[in-house]
Amino acid sequence: MSAERPDPAGFAEWLQAHPPVRPYLRRLQVAAGEPVFRQGDRCSDVFVLRSGLVKIAYVTHQGRERVKSFIADTGLFGSRSAQLEGGGSPFAATCLEDSSLAVVPYPVFRAAALADPALMRTMFAFNEWLAMKKERREYDLLCRSAEERYRAFLAQEPALADRLTQGDIARYLGITAVALSRIRRRLAMTTE
């Protein structure tokens, strides 16, 4: 049994149409380069990306950025620890392109989801898909070489690769931009 990626556009439609949520729903337009929220911000909202591109990243104590994930075109995100514990988000969400989002407070979203069996099934499917995605990402980072990670990224996300800077791709792969440049050069030589 394979967990297929649920349709995040359905989340946006549901949020906008659901009467208990509608009074709390905010629409947000964020320009490219601007944060949706910063690392450390108290942010208990659920964000539904309706269009655009968002980077989810940690900044280490040394000031190095580590890219956790990218959300392209449609998707759901937020800091689970900030939502459940009320503290600051351990990561930042930054728009890489002009983006349109729907935003709802997590307690409102949770209460509405618990009251709607169809949405609960959708959320369960989304959580299964997300858990499998995270497990694959952990495996890639822990068990694959940098070149294998890059090849897999290109195979799985060819359209996304064209929208990202080489620096962001390198930080997502857990390598330096110089290392990525060497990998790209080596791969180009083998395809000639």
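The values are calculated or read from the model by the stated rules, or taken from the named source; none is laboratory data. Everything numeric in this text was worked out from a predicted model, so none of it was measured. Here Cβ is always computed from backbone atoms with ideal geometry, including for glycine, and neighbour counts include all displayed protein chains. Accessible surface is based on the protein model in full, side chains and every heavy atom, while ligands, DNA and RNA are left aside. Shrake-Rupley method; radii C 1.70, N 1.55, O 1.52, S 1.80 Å.
Summary table
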{"item": "Residues located in region 22-38, provided they are in contact with a Phe, Trp or Tyr (Cβ under 9 Å, 6 or more places away or on another chain) and surrounded by fewer than 18 Cβ atoms within 10 Å (Cβ to Cβ)", "result": "Tyr24, Leu28"}
{"item": "Filter result (farther than 25 Å from Ala31 by Cβ and out of contact with any Ser or Thr (no Cβ under 7 Å at 6 or more places or on another chain)) within region 83-106", "result": "Leu84, Glu85"}
{"item": "Among (1) among the small types (Gly, Ala, Ser); (2) out of contact with any Leu (no Cβ under 6 Å at 6 or more places or on another chain); (3) more than 29 Å from Ala161 (Cβ to Cβ) - the single one Ser69 does not satisfy", "result": "(3)"}
{"item": "Residue in region 75-93 that is touching a strand residue (DSSP E or B) at 6+ places or on another chain (Cβ under 6 Å), more than 16 Å from Gly40 (Cα to Cα) and not in a strand (DSSP E or B) present", "result": "no"}
{"item": "Failed criterion for Gly63 (all others in (1) more than 21 Å from Arg136 (Cα to Cα); (2) among the small types (Gly, Ala, Ser); (3) crowded, with 16+ Cβ neighbours inside 10 Å hold)", "result": "(3)"}
{"item": "Of residues in region 39-60 being of a type in the set (D, E, K, R), farther than 16 Å from Asp168 by Cβ and not in a loop (DSSP other than H, G, I, E, B), the one most open to solvent (accessible area, probe 1.4 Å)", "result": "Arg42"}
{"item": "Residue among Ala72, Ala12 that is surrounded by 14 or more Cβ atoms within 10 Å (Cβ to Cβ), within 17 Å of Tyr106 (Cα to Cα) and modelled with pLDDT under 95", "result": "Ala12"}
{"item": "Residue pairs meeting the criteria (Cβ under 7 Å; at least 6 apart or on separate chains; first touching a residue at least 12 places away in the same chain (Cβ under 8 Å) and under 19 Å from Tyr106 (Cβ atoms), in region 15-34; second among the acidic types (Asp, Glu) and part of a loop (DSSP other than H, G, I, E, B))", "result": "none"}
{"item": "Residue in region 84-96 that is modelled with pLDDT of 90 or more and in contact with a Leu (Cβ under 9 Å, 6 or more places away or on another chain) present", "result": "yes"}
{"item": "Test result for Phe91, aromatic (Phe, Trp, Tyr), surrounded by 14 or more Cβ atoms within 10 Å (Cβ to Cβ) and more than 18 Å from the chain's Cα centre (by Cα)", "result": "no"}
{"item": "Filter result for Thr122 (in a helix (DSSP H, G or I), within 20 Å of Phe47 (Cα to Cα) and of a type in the set (Ser, Thr, Tyr))", "result": "yes"}
